[in-house]
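The values are calculated or read from the model by the stated rules, or taken from the named source; none is laboratory data. Just so it is clear, the model here is predicted, and its values are computed rather than measured. As a convention, Cβ positions derive from the backbone with ideal geometry for all residues, glycine included, and neighbour counts pool all protein chains shown. In case anyone asks, the SASA skips ligands and DNA or RNA and just uses the protein heavy atoms, side chains included. Shrake-Rupley method; radii C 1.70, N 1.55, O 1.52, S 1.80 Å.
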Amino acid sequence: MIKGSMVALITPFHEDGSVNYDKLDELIRWHIEEETDGIVILGTTAETPALTVTERDKIVEVSIAAANKRIPIIVGSGSNNTLVAKEQSMKYESMGADGLLVITPYYNKTNKAGMIHHFTEIADAVSIPIILYNVPGRTGCSLSCEAVKELSKHQNIVGIKEASGDISFVSKISRLASDNFAIYSGNDDMIIPLMSLGGLGVISVAANIIPREMHRMTMAYLNGDVGQARDMQLKYLDFINALFIETNPIPIKEAMNIANMNVGKYRLPLYEMENHTREQLLKTMKEIM
């Protein structure tokens, strides 16, 4: 049950478009120094659909080695093919992952019973913790409250990354889920509102560039300093919004490169920011950094 701020880590590239594993190692070590509470690799922000199987495996290997058990490594292992998701989950467990992030099955969208069976088969196949990932804006489907309630009873399903942006849905699953089930914000603009309903923290895009601030914001709330947590949420709100002015992870990688973090560009179909949106991003960066 990780508490605080987990970073949804980007995938760094060389200028030729290949994965920059040395930079990945550097980022993992930097996040440990910056008080990040957990690292999520191979998620949405990592451009995972554009990575080969070989690259994904190498990213997992490098990340686990760099972390060296000093920080939890959560690996995105989901798929819209239950058998593939199960195989990937078992593989990443055998490689040493501390937990798994499993997205709802996209494209071939299923019903409530199908959702339950999909996640249950994956959870039955491994012995490490699983965090469900609900992001209907990406997948075109959403977990139902009833499905979350049922899945929260599984001993290996320990939480959910909730990225629907629907605070009413958060309220309902907070009320229905089991006591040992963690809710993490998947939206950086509503971390504190979600935590006020029982959430334990965030899986954050902004933490790629302001990890210490995301950690301190969540810890302030967990330690009872609601005022400080609220003030920090509001302070970074414009910057957070700018990080989603174009498709994630385009703005966050642009921001990191502006900050001389040298993480490289993107893989098609993702492409460079338009000039006017880059200007808006730069303006919000100057206000907080």
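Across segment 213-219, rounded Karplus estimates of 3J(HN,Hα) from the backbone phi angles (6.51 cos²θ - 1.76 cosθ + 1.60, θ = phi - 60°) give 5, 5, 4, 5, 4, 5, 5 Hz, Gly and Pro being marked x.
Evaluated with a Cβ-only charge set (Lys, Arg +1; Asp, Glu -1), segment 1-109 carries a dipole of roughly 500 debye about its Cα centre, given to the nearest 20. If the segment from residue 164 to residue 257 were pulled out straight at 0.36 nm per residue, it would be longer than the present Cα-Cα gap by 30.6 nm. Note on segment 11-47 and segment 170-239: Cα centroid distance 22 Å, given to the nearest whole angstrom. Per residue of the chain, the DSSP helices (runs of n ≥ 4 H) give a summed -39500 (n - 2.57) that works out to -13500 deg cm²/dmol at 222 nm. In the elastic network of the chain, a GNM with C-alpha springs shorter than 10 Å, the most mobile of 167, 240, 41 is 167.
Positive contributions from Lys and Arg (+1) and negative ones from Asp and Glu (-1), summed over other residues with Cβ under 10 Å from the Cβ of residue 181, come out at +1. If I build a Gaussian network model for the chain, linking alpha-carbon pairs within less than 10 angstrom, which residue out of 260, 241, 156 has the largest mean-square fluctuation? Result for the chain, Cα springs under 10 Å: 260 fluctuates most. When the alpha carbon gyration tensor of segment 1-137 is reduced to an equivalent ellipsoid, its three semi-axes come out at 25, 17, 13 angstrom, largest first.
Remark: the chain carries 43 Å² of accessible area per residue (probe radius 1.4 Å; ligands, DNA and RNA excluded). In the elastic network of the chain, a GNM with C-alpha springs shorter than 10 Å, the most mobile of 29, 212, 70 is 70. Give me the net charge for the shell around residue 274: Cβ to Cβ below 13 angstrom, other residues only, Lys and Arg +1, Asp and Glu -1. Charge balance in the 13 Å sphere: -3. Among residues other than residue 206 with Cβ under 9 Å from its Cβ, the summed charge is -2 (Lys and Arg +1, Asp and Glu -1). Most simply put, the chain has about 5% antiparallel DSSP beta bridges, counting only bridges with both residues inside it.
If you look at the Cα atoms of the chain, you get an Rg and a Dmax of 17.8, 49 Å. Give me the percent of accessible area attributable to carbon and sulfur for the chain, probe 1.4 angstrom. Accessible surface attributable to carbon and sulfur in the chain totals 49 percent.
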